[in-house]
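This report refers to the structure that appears directly beneath it.
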């Protein structure tokens, strides 16, 4: 089970924080914008009111052409540092008095501004008519810097920042606290899932309570676990039952197999005594009365003798086959090369008068029972020699190669070969693909080979075609 | 017509306001300025109700003696009104004719008969305007002073009170307050 990259708690907190921060920032922006607009309006209102007051106070100064008094009226503005400039214009729009009194030209407009207010980059200018008894005497112009607005904006920004950060802190605390209610049941569920997945323990239960979907999920998960646990125990019971039955059957089979083997052994063994009698008496009969018998009887006697000998060989082979299945294996290192050389030496007598080319490749040393492996080599090489009998220039090759963790030994001849359709029958007891008339044999040799190789943990198989020769393989684990 | 007149009047003021045109101790267009002042007095002085008993009672500016204004005063007050009262200009040769005046300009031609004139209008609600500071000090109410190329005012508050006239503080701010006490100075 992979480790999660993040936690659900962190995700929840992030979501809540993003939401609250966005809302707070938006609210802050709206508040500041609104307050800014209101402050602007208030500032304009204040400046217009001030202009009206100053206008009322300067009517007589204008009426009686007294710029000194007008300058004095404007001089009162000196108490407010935000007032940057002011001017009075007479009825003709000529500057009459200015503030500061010694204002440089260009500080105030040369001609009166149109009635109303105007915001410029860093100042607010207001122009109002001066009227007495319904008669316009002139115009007043006031100019203020935006210090008040700036200060207000700064104060607002600080308030908003404090509020936003305070709220964010509070939101974080709340979010951290609230997410537990959501995340804990999920975390508990995840922990249970991990326990189940890692420990294969289906007996645990999440038991998470909750009135939401997580609660439903948890309940469903618990039910699922219960179901899995029930089925698992069922399967376990079935498996145990199956194993018990297999063991029973195997034991039964082994018992009957042993019985059968013991039976065939004793039958073979017991058959030898009467057969020896037959053979012995046929031999005596031949020695004493062969010459006195007519030709036909002589033929019969010869056939009886041959049959008895063949039957003897059969019984010997059966006993050997039976022994192969029953004797204990004694595994040691076996040098296949020297063993093959010995076997070939033994077989050379059988091949007298034939042209046989033996070709033995490099062979390894393997682990196995020496007498059994020798039997394998004898059987395979003898077979190769036997079935290459009709071939003028017989060639028998022995090779070995390592492959997939086993050693595969091959014995190839260029003899009569076999029909691949019957390849599977080659290694069965008494299975023969050629008539005994053609080739001698009991049909037990290859069965023995298979049995021995199987007992070593290897396999046997063969390739070939009619009149194309045959290759027999056996493998041994390394 | 009104606009044209007003425009010409403003043009006049414009000329007066231009400092270089005031040459020497004497004011050029002095009487144009004085005419404007006379008009403005109507705005900054309040008469007792019995002086202007009805809404449509005209507010009369009288000129006693030789008229130094020519047409300018007539042009300034033409079609003007103060507090709903229309303004009009009357010219008198004798003070006995001027009883119904609200503002009375006493020309310098009447200097010799000043005592008679002032005693006649005494206790009437008439704003008397004279050509000198001395005029105000001698129980006239407002006297013109020409000083430093400017036209200034001297106001005798005691005389104004006696005439039951209320002079706006705004006007007083522009004026020098004088009184009979200071005659000896």
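The values are calculated or read from the model by the stated rules, or taken from the named source; none is laboratory data. Since the structure is predicted, the reported quantities are computational estimates derived from the model, not experimental observations. Every residue, glycine among them, receives a Cβ derived from its backbone with ideal geometry; neighbour counts consider all protein chains shown.
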Legend entry - Selected residue [surrounded by 21 or more Cβ atoms within 10 Å (Cβ to Cβ) and within 14 Å of chain A (Cβ to nearest Cβ)] from B:44, B:105: B:44
Legend entry - Criterion (at pLDDT 85 or above and closer than 23 Å to residue A:4 by Cβ) met by exactly one of A:198, A:213: A:198
Inset, instruction - Would you be able to say whether some residue in the range B:79-96 is under 21 Å from residue B:135 (Cβ atoms), in a helix (DSSP H, G or I) and at pLDDT below 90? - result: yes
Inset, instruction - Report yes if some residue within the range A:96-107 is free of Cβ contacts under 8 Å to residues at least 40 places away in the same chain, within 15 Å of residue A:67 (Cα to Cα) and within 14 Å of chain B (Cβ to nearest Cβ); otherwise report no. - result: yes
Legend entry - Where a residue in the range A:35-55 is without any contact (Cβ under 8 Å) to a residue 60 or more places away in the chain and its partner, wherever it lies, is surrounded by 13 or more Cβ atoms within 10 Å (Cβ to Cβ), with Cβ under 8 Å and at least six apart: none
Inset, instruction - Only residues that are surrounded by fewer than 19 Cβ atoms within 10 Å (Cβ to Cβ), in contact with a helix residue (DSSP H, G or I) (Cβ under 8 Å, 6 or more places away or on another chain) and in contact (Cβ under 8 Å) with a residue 40 or more places away in the chain: list them for the range A:132-148, please. - result: A:148
Legend entry - Those residues of the range A:378-396 which are surrounded by fewer than 21 Cβ atoms within 10 Å (Cβ to Cβ) and free of Cβ contacts under 8 Å to residues at least 40 places away in the same chain, in sequence order: A:378, A:390, A:391, A:392, A:393, A:395
Inset, instruction - Please specify each residue of the range A:114-129 satisfying the condition of being part of a loop (DSSP other than H, G, I, E, B) and modelled with pLDDT of 90 or more. - result: A:114, A:115
Inset, instruction - Say whether the condition of being crowded, with 21+ Cβ neighbours inside 10 Å, within 12 Å of chain A (Cβ to nearest Cβ) and not in a helix (DSSP H, G or I) is met by at least one residue in the range B:140-152. - result: yes
Legend entry - Yes/no for residue B:137 being in contact with a helix residue (DSSP H, G or I) (Cβ under 6 Å, 6 or more places away or on another chain), within 12 Å of chain A (Cβ to nearest Cβ) and at pLDDT below 90: no
Legend entry - Residue, surrounded by the most Cβ atoms within 10 Å (Cβ to Cβ), within the range A:342-359, restricted to residues that are closer than 21 Å to residue A:407 by Cβ and out of contact with any strand residue (DSSP E or B) (no Cβ under 7 Å at 6 or more places or on another chain): A:343
Legend entry - Pick from the range B:113-134, criterion farther than 23 Å from residue A:68 by Cβ and buried (at least 22 other Cβ atoms within 10 Å of the Cβ), ranking: nearest to the other protein chains (Cβ to nearest Cβ): B:127
Legend entry - Residue ID - surrounded by the fewest Cβ atoms within 10 Å (Cβ to Cβ), chosen from residues in the range B:47-102 that are at positive phi and within 14 Å of chain A (Cβ to nearest Cβ): B:79
Legend entry - Criterion: away from chain B (no Cβ under 12 Å), within 30 Å of residue B:41 (Cβ to Cβ) and in a helix (DSSP H, G or I) - qualifying residue of A:47, A:74: A:74
Legend entry - Among the candidates A:175, A:157, A:183, residue that is in contact with a helix residue (DSSP H, G or I) (Cβ under 6 Å, 6 or more places away or on another chain) and at pLDDT 85 or above: A:175
Inset, instruction - From the list A:26, A:12, A:18, pick out the single residue that is away from chain B (no Cβ under 14 Å), part of a helix (DSSP H, G or I) and in contact (Cβ under 8 Å) with a residue 12 or more places away in the chain. - result: A:12
Legend entry - Verdict on residue A:376 being touching a helix residue (DSSP H, G or I) at 6+ places or on another chain (Cβ under 7 Å), part of a helix (DSSP H, G or I) and modelled with pLDDT of 90 or more: yes
